[in-house]
1. Any idea of the accessible area per residue across the chain, 1.4 Å probe, to the nearest Å²?
2. List the longest stretch of the chain that has no exposed loop site; here a site is one of the trypsin sites (Lys or Arg not before Pro) assigned by DSSP to anything other than H, G, I, E or B, with at most 13 other Cβ within 10 Å.
3. Note down the relative contact order for the chain as a percent, whole number, built from C-alpha pairs under 8 angstrom at least six residues apart.
4. Given the chain, what count of lysine pairs have C-alpha atoms under 26 Å apart, with each pair 8 or more places apart or on different chains?
5. Is the stretch 27-177 rounded, prolate or oblate when judged by the Cα gyration tensor, a ≥ b ≥ c being the square roots of its eigenvalues, rounded requiring a/c under 1.5 and prolate requiring a/b larger than b/c?
6. Over the stretch 1-50, what is the relative contact order in percent, taking alpha-carbon pairs closer than 8 angstrom and at least six residues apart?
7. Before rounding to the nearest 500, sum -39500 (n - 2.57) across all DSSP H runs of length at least 4 in the chain and divide by the residue total; then give [θ] at 222 nm in deg cm²/dmol.
8. Counting only protein heavy atoms and a 1.4 Å probe, tell me what percentage of the chain's accessible area is made up of carbon and sulfur.
Amino acid sequence: MRQGRLIAVVGASGVGKDSVISGIHEATPGSYVVRRVITRDPQLGGEIFDAVSVPEFQALVQDGAFVVHWKAHGLHYGIPVSAKFQLNKGTDCLVNLSRDVLAEASKIFPNLLVLNITAEPEALAKRLAARGRETEEEIARRLVRATKPLPPGLEVVHLSNDGPLAQTVARATALLQLLEV
């Protein structure tokens, strides 16, 4: 049985990673969306995630509940070990992953494929403002971070999400099918 691919969907905040993940999942029966654990207030919306407090998150780290975890933007994020079980069954897993942990993830997941979603800065700024979760200063910091390069040596597919979401999802799905092992 083939090992599933971990498809790490990365990109700047507001680029539409969760929308693209959802669209790919709907278009690709049998794929699995990894649900992140985040120390974010569940009332803030956005992606579907498991909300925990910082002490709960730290206890989960101590218990070995995450295959990878990180801190960004004042929040803690974790990828549950259940992702490895899905991959071992041959299932391709989609996950919203931080660019900061890609090098670590490439050592953990032998079939890591990075789907790098991009968008024009003006589009990102509008999307971030529409979310209503960040101040103007926080949005400015996120826009600066958007230009951060990816680590070298990864298998990366670059995809613009400046047009209609349906077109982006169709292109992403076609590219992922072409790159199947």
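1. Numbers: 9390 Å² over 181 residues.
Heavy-atom SASA per residue in the chain reads 52 Å².
2. On the way: sites that count: Arg2, Lys89.
The answer is 90-181.
3. On the way: 288 pairs, mean separation 60.3, N = 181.
Answer for the chain is 33 percent.
4. Qualifying lysine pairs in the chain: 14.
5. On the way: a/c = 1.56, a/b = 1.06, b/c = 1.48.
It is oblate, given that a/c is not under 1.5 and a/b is not larger than b/c.
6. Values: 22 pairs, mean separation 11.4, N = 50.
It comes to 23 percent, rounded to a whole number.
7. Numbers: 7 runs with 69 residues, N = 181.
Roughly -11000 deg cm²/dmol at 222 nm, from the helical runs in the chain.
8. Working: 5140 of 9390 Å².
The nonpolar share, carbon plus sulfur, comes to 55 percent.
The values are calculated or read from the model by the stated rules, or taken from the named source; none is laboratory data. If you're wondering where the values come from, they're calculated on a predicted model, not measured in any experiment. Because the Cβ atoms are built from the backbone with ideal geometry, glycine has one as well, and the counts that use them run over all protein chains shown. Only protein heavy atoms, including side chains, enter the accessible area calculation; ligands, DNA and RNA are left aside. Shrake-Rupley method; radii C 1.70, N 1.55, O 1.52, S 1.80 Å.
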